[in-house]
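**Student:** Here it is, the structure in full.
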Amino acid sequence: MVRKATATADTAQRVLDVAERLVQTRGFNGFSYADIADALGITKASLHYHFPTKAELGRRLIERYENRFLDALAAIDRSGGDAREKLRRYAEIYVGVLRANRMCLCGMLASDYATLTKPVKDGVKHFFDCNEEWLVAVLNAGRKAGTLRFAGEPAVVAQALVGSLEGAMLLARSYGDVARFETVATRLIAEL
């Protein structure tokens, strides 16, 4: 029985892996269960066993992606460094995604926002809220330590950073040039 549970969990993870790649390269509306089934050599019925609806698949994708992202942010916090260095490492998360020829999962979902179910929409917002909360803490610490200088409220600066980095990803992808993103990220951080 343990073997069957492990196989079931492995299949679910493989489905999430393929679906994540498809969302990050095509968008949520740019793939179907048939695409996943073909990529994994399984039936659509098997997919529906693990994820009864595409909305449930989307919700689970966001949950997993957010957890990994939060783990990356926690690793940045544990590694130390001043606020500016933490912001550089934050931008490097985006660079890594771009270098893998992908986009931010939640950025891609945001582009399909009007067609998403409420739980998926809520998950997208929560992901960006978590990013902004982390950035506010870093910005506050940097301002307090005197390593960052910026006008206005940290929450507004955090919103501007997330929006600018997500937009820079889109343009870098359009040009097939990760350096475009890196230039924008470097400039944004240098101006703080």
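**Student:** I need the full set of residues from the range 73-82 which are part of a helix (DSSP H, G or I) and either loosely packed, with under 15 Cβ neighbours inside 10 Å or without any contact (Cβ under 8 Å) to a residue 12 or more places away in the chain (or both), in order please.
**Tutor:** ALA74, ALA75, ASP77, ARG78
**Student:** From (1) closer than 26 Å to PHE28 by Cβ; (2) touching an Asp or Glu at 6+ places or on another chain (Cβ under 8 Å); (3) surrounded by fewer than 18 Cβ atoms within 10 Å (Cβ to Cβ), pick out the condition that doesn't hold for THR147.
**Tutor:** It fails just one condition, (1).
**Student:** Return the residues of the range 101-117 that are touching a residue at least 40 places away in the same chain (Cβ under 8 Å) and small (Gly, Ala, Ser); say none if nothing qualifies.
**Tutor:** Once the filter is applied, which keeps residues that are touching a residue at least 40 places away in the same chain (Cβ under 8 Å) and small (Gly, Ala, Ser), the range 101-117 yields GLY107, ALA110, SER111.
**Student:** Of GLU63, GLU92, GLU20, GLU85, which residue is over 16 Å from the mean Cα position of the chain (by Cα) and either part of a helix (DSSP H, G or I) or of a type in the set (D, E, K, R) (or both)?
**Tutor:** Going through GLU63, GLU92, GLU20, GLU85 in turn, the sole match is GLU85.
**Student:** Moving on to the next point. Filter the range 98-135 for residues that are out of contact with any Phe, Trp or Tyr (no Cβ under 7 Å at 6 or more places or on another chain) and basic (Lys, Arg) and give the result.
**Tutor:** Answer for the range 98-135, where residues must be out of contact with any Phe, Trp or Tyr (no Cβ under 7 Å at 6 or more places or on another chain) and basic (Lys, Arg): ARG99, ARG102, LYS118, LYS125.
**Student:** Scan the range 41-60 residue by residue and report those that are free of Cβ contacts under 8 Å to residues at least 60 places away in the same chain, in a helix (DSSP H, G or I), hydrophobic (A, V, I, L, M, F, W, C) and out of contact with any Phe, Trp or Tyr (no Cβ under 8 Å at 6 or more places or on another chain).
**Tutor:** Selection gives ALA45 alone.
**Student:** Could I ask something else about it? What is the residue count in the range 161-185 for residues that are without any contact (Cβ under 8 Å) to a residue 24 or more places away in the chain and surrounded by fewer than 17 Cβ atoms within 10 Å (Cβ to Cβ)?
**Tutor:** Counting residues in the range 161-185 that are without any contact (Cβ under 8 Å) to a residue 24 or more places away in the chain and surrounded by fewer than 17 Cβ atoms within 10 Å (Cβ to Cβ) gives 9.
Any read-out appearing in this document is the output of simple, stated calculations on the displayed coordinates, not a laboratory observation. Bear in mind that the values here come from a model prediction, so they are computed numbers and not experimental data. Positions of Cβ are backbone-derived with ideal geometry, glycine not excepted, and every protein chain shown enters the neighbour counts.
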